[in-house]
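The values are calculated or read from the model by the stated rules, or taken from the named source; none is laboratory data. These numbers come from a predicted model, not from an experiment. Here the Cβ is made from the backbone with ideal geometry for all residues, glycine too, and neighbour counts use every protein chain on show.
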Amino acid sequence: MTTRHLVAVIVGLALTGGAASAQDEPTQPPTGSPAGDQPAPQAASPSPDQTPEQGDLPSPESLFERHIEAIGGWDAIRAITNRHIKGRIRNEKQGFLARLELWAEMPNKERVLVQVPGQGELDTWYDGQVGWRVRGDEYQLVTGDSLVDLSMTADFLGEADYAVRYAELKTIDRRDFKEGREVYRVAYKAKNGKQGIILFDTESGLIDGSLTTMTLKTRDVSGQMQSILVLEDYKDFGGMLWPTKIRQVTPNGETVITYRTVEVNVDDMPDFTRPAEVDKLVAEEAEKAEQGPEPEPEAEPDSDG
């Protein structure tokens, strides 16, 4: 389960009731620092021409492998087959507070439930192939970039699956990040075409966060938001470290996701069998794809001719 992409999905659902896609493009961060008086990390382009000369930098592969060891190693990772998390989402600027519950199952199944007191809930599912949302009695397919993000969050191995996930990786520099700590910045291009920067703590080896651009696409909101993502308070659950506090700083303020409980290898997991309503939507989409785009109407003849 990829925490970085999961936050994009959760924040989009929580703040807009719709879809959010983490484009993960290198970007200048928004005004405001995720570390109090510490300066916000700058997301320079990963172009080699703009990379400061800092001597020998570790390879991106070695940084991912160090992160894998830091969270517990491959034995601990493979010993966990599912995860059940409860927490909350808060954005003080927006006056937003919601309950969060999510389930993840090997190899790539996930359910994300966001409950807003007095406003109902939004239930998002991914069964390894198809994503859908449920609000009340209404079912909606997850498509486009939002489906790509959902599939990435559902990859249970997360960043440990880097060799499969990424087409290009490059360590671009070493910089101050927050609270006097430094990070190595690794620029990547995923096999789905998305680009971004991941931040590796130089001391602990853990992933400290990332610099992203979120694209919101809903009935009411459409556009991009720049953001800084910070992963904090790693704790041991089932022999594997997991961040329990995720802060995302955007022009809309700071959204904090806090995990209160994390259970692993639980017996009571959701049934990811696709509902009949979703199968019907999938069939309708397939039929539309077979028919192709509707022909444009013919222009009416010129009455003066």
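Here are some notes:
- Residue match in region 84-97 (condition: without any contact (Cβ under 8 Å) to a residue 40 or more places away in the chain and of a type outside the set (D, E)): yes
- Residue list for region 94-146, restricted to those being aliphatic (A, V, I, L, M) and closer than 19 Å to T273 by Cβ: L102, A104, M106, V112, L113, V130, V134, L141, V142
- Which numbered condition P270 misses (of (1) modelled with pLDDT of 90 or more; (2) assigned to a strand (DSSP E or B); (3) surrounded by fewer than 22 Cβ atoms within 10 Å (Cβ to Cβ)): (2)
- Region 141-169, residues that are more than 21 Å from P107 (Cβ to Cβ) and crowded, with 17+ Cβ neighbours inside 10 Å: D145, L169
- Among residues of region 148-170 that are in contact (Cβ under 8 Å) with a residue 24 or more places away in the chain and closer than 16 Å to G72 by Cβ, those with a beta-carbon under 6 Å from a residue that is buried (at least 19 other Cβ atoms within 10 Å of the Cβ) and of a type outside the set (A, V, I, L, M, F, W, C) at least six positions away or on a different chain give the pairs G158/T2.
- Residue-level check: of (1) part of a strand (DSSP E or B); (2) surrounded by fewer than 16 Cβ atoms within 10 Å (Cβ to Cβ), L122 misses just (2).
- Count of region 225-247 residues which are polar (S, T, N, Q) and at pLDDT below 90: 2
- Selection within region 66-100 - among the β-branched types (V, I, T) and closer than 16 Å to P243 by Cβ: I68, I71, I77, I80, I85, I89
- Restricting attention to region 78-116 and to residues that are among the basic types (K, R) and part of a strand (DSSP E or B), the residue that is surrounded by the most Cβ atoms within 10 Å (Cβ to Cβ) turns out to be R83.
- Within region 241-248, none of the residues are of a type in the set (A, V, I, L, M), free of Cβ contacts under 8 Å to residues at least 24 places away in the same chain and over 24 Å from A98 (Cβ atoms).
- As a summary of the residue check, G131 satisfies the conditions (1) within 16 Å of the chain's Cα centre (by Cα); (2) within 17 Å of F64 (Cα to Cα) except for the one numbered (2).
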